[in-house]
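Structure first, commentary second.
The values are calculated or read from the model by the stated rules, or taken from the named source; none is laboratory data. Because the structure is predicted, anything quoted here is derived from the model rather than measured. Reconstructed Cβ throughout: ideal geometry from the backbone, glycine too, with neighbour counts over all protein chains shown. Areas reflect the complete protein model, heavy atoms only, side chains present, ligands, DNA and RNA absent. Shrake-Rupley method; radii C 1.70, N 1.55, O 1.52, S 1.80 Å.
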Amino acid sequence: MKRVFPFLFIICLIIIFHWRLIFLGEVYANSEIFTCFYPLKVFASEFLRNFTVPLWNPYWFMGHPALAESQMGFFYPINIFLFYFFPAYTAYNLSVIIHYTLAGLFTYLLARKLKLERLPSTLSAITFTFSGFYVMQTYHIWANQSAVWLPLMLLLVEKIYDSTSESLISNRIKWSLVLGLILGIQFLIGHYFMQIINTLAVIAYYLIKLLSKPESNIRIAESFSPILHKTKGLPYFLHLFLSLLIAIGISAIQWFPSLEISQFSSRRGGVSSEVANEHLFHPLHFITLIFPYFFGYTKIGFYGTPYWGFDDIMDTCVYIGILPLIFATISILFVRGLTVNKEESQVVKNFLIIAVTFMLLSMGKYGLIFNLLHRLPVMKVFRYPGRFLGVVTLALSILAGFGFQYLYNTQDSRFKIQDSQLKTCNLILATLLLTSFGIIFSLNIGAFLLRDYIQSFETGIISKIGVHYDNLVSVFVITSPRVYLQLIIILVAAIIIKIGIEKGWGRFLKYSVIVLVILDLFYFGIRYNESTDYHIYTEEPESAKILKGDKSLFRIYSWNQNKILEDGFRHNRKYPYKEFREILPHNSSLLYGLQHIAGNACIVWKRNYELLYMDRIKDFPIGTENELIKYPRVMDMLNIKYILSSEEIVRDNLELINSPQPPFNKGRRG
């Protein structure tokens, strides 16, 4: 029962976290889901149930090769099962819950393999599963699905290096085959960048293990040639090569169509360094490790909100909770003094190297090495370095488990804490408390004394703070619940560690750590993923009914579609989906069999963007509002008959045909 209990406990936490999906039948509501992922899954599910493969998608752009759009994840085994047997909205919910469960399970098993005890392993699993990065990537189904496989793949690397088996070579080959299988399966999820990041993490961890492994433990079978005897590390490279080769073969059915269309896409030749460095982890964002709300309230961090961070918080959040952060810091600082053997010490060093390396990559141009990586042929088409934070989050979660285990084992004579280490612990806690209180009180005092001075700067970081100073103060005003609850969490965390070190870690104190971590991460993340009634996805909007009455051949075009989201957030702080769906944004036309001239896709024909973004073709234009309505002759050439807009469009060549609820859904015939 002791072995099963941590799994059951994590599953219970996941049920609580997603209770609205499980007990109320709601669905997560986000513009990314509605305009991209959900319609793609519905489109794929229709082909799955007919036992056919979607080769062509006539509802995007001017037609698009369906399999080349990897975000559909058509061949991913879990998608095949869920979207074949369940309605699309139910399958989507089940996918989220299943992958949360796998994230907790795989992280726990990895921690146990690394010699962590059950309670610290549970802490690591909870930290990763409910971390800021993973919770905020719930809307990106490909990220939600991809991130869970990294701890399993690192576990398989550990299996490959496990030298306790008598039949060493055959076991290494067996686990290399399994690693290749998992590497290949994760690429079937689609979108590729997260899978490439995972693969880079596996390769890095594999090489770090090889370099840190004592040569005496590297055993070579007699069947190897004399050359391999002299190069004792070569068999490990062969096993790694075998895994990568298997992964390439398994996933070829997905990446080959994408590779083919990429030769004619807007990303051919790569994206510029400026575009590649979008959504990076800015150095100032390190403060969000302690105060995740410093740049604004996360739940409303997209359109017309107080969020004023340097990049989208969805891709730059690395919050793991206060106690896990302290434990991770302690595991790094005390790695030599609080370990029984060199093997445990080396594990901490390995994950520290991984955490630092991928943190630098996530910082983009500020971390230097990302720009070097971006020059490689495969990497030059990708952007958003903040997504490297998924690896950082896992590494910190494992380090937190070690720090927790080290601290509560200080009662053991083998782990006796030294006076210098005790002083360092006190210094860490004091610094954390003083920094937290200092930030809050300086901001509140500055609201009255320094506002004019800060807002007088015209350039630089201080000017950005000045522009958003009122938002910053409104978030950190001392009466805000977010502030004093965060302070309480920090204070309680410091007290627990102080008592544990000086008085001993009883069972109550150990479990108090787990409870506080859960409360901390749940308070931060449980409100971020907004949910709503599933009918928002299944009911057909009035605009679609009107357009389907026209039996001629035509395409539609949604103009200024984000205006509804901005207005809805600005006034109601919630997504106005009923109004939003009326203008049939991007991929939602797939749900109703209507041909849309635009779409939300990873790889798109270059010619499409040249036509859709007539005045913005200098660089990769995703994220901008296009101005196609300026060019009526181009619209005629593209057979655009209807424009759906959230606001009035004044053009002589357009005729208003329907306006049921101004300012939403103004359909026009040209």
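If I ask for residues that are part of a loop (DSSP other than H, G, I, E, B), among the hydrophobic types (A, V, I, L, M, F, W, C) and modelled with pLDDT of 75 or more, which ones from the stretch 605-648 would you list?
Of everything in the stretch 605-648, just one residue is part of a loop (DSSP other than H, G, I, E, B), among the hydrophobic types (A, V, I, L, M, F, W, C) and modelled with pLDDT of 75 or more, namely Leu638.
Given the conditions (1) open to solvent by 10 Å² or more (accessible area, probe 1.4 Å); (2) within 18 Å of Leu519 (Cα to Cα); (3) not aromatic (Phe, Trp, Tyr), and given that Leu24 satisfies all but one, which numbered condition is not satisfied?
For Leu24, the exception is condition (2).
Given the condition open to solvent by 10 Å² or more (accessible area, probe 1.4 Å), under 15 Å from Phe327 (Cβ atoms) and small (Gly, Ala, Ser), answer yes or no: does some residue in the stretch 510-527 qualify?
yes
Is it fair to say Lys574 is assigned to a loop (DSSP other than H, G, I, E, B), surrounded by fewer than 18 Cβ atoms within 10 Å (Cβ to Cβ) and at pLDDT below 85?
yes
Quick test of your reading of the structure: Leu584 fulfils all but one of (1) on the phi > 0 side of the Ramachandran plot; (2) modelled with pLDDT of 85 or more. Name the failing condition by number.
(2)
Restricting the search to the stretch 72-100, which residues are polar (S, T, N, Q) and either open to solvent by less than 10 Å² (accessible area, probe 1.4 Å) or at pLDDT 95 or above (or both)?
Correct list: Asn79, Ser95.
Helices (runs of 4 or more DSSP H) wholly in the stretch 223-316 with at least 3 residues that are open to solvent by 20 Å² or more (accessible area, probe 1.4 Å) and modelled with pLDDT of 70 or more - which ones?
234-262
Got a sec? Which of Leu338, Leu407 is touching a Leu at 6+ places or on another chain (Cβ under 9 Å), at pLDDT below 90, buried (at least 24 other Cβ atoms within 10 Å of the Cβ) and not in a helix (DSSP H, G or I)?
Leu338
Here's a check for you: in the stretch 204-220, which residue that is loosely packed, with under 14 Cβ neighbours inside 10 Å and outside any helix (DSSP H, G or I) is modelled with the highest pLDDT?
Within the stretch 204-220, the match that is modelled with the highest pLDDT is Pro214.
Restricting attention to the stretch 517-564, which residues are assigned to a helix (DSSP H, G or I) and of a type in the set (S, T, N, Q)?
Thr538, Ser543, Asn562
Just checking, how many residues over the stretch 369-390 are out of contact with any Asp or Glu (no Cβ under 9 Å at 6 or more places or on another chain), of a type in the set (Lys, Arg) and surrounded by 15 or more Cβ atoms within 10 Å (Cβ to Cβ)?
Result for the stretch 369-390: 1.
Please count how many residues of the stretch 350-368 are open to solvent by 60 Å² or more (accessible area, probe 1.4 Å) and either small (Gly, Ala, Ser) or at pLDDT below 90 (or both).
Total meeting the criteria: 3.
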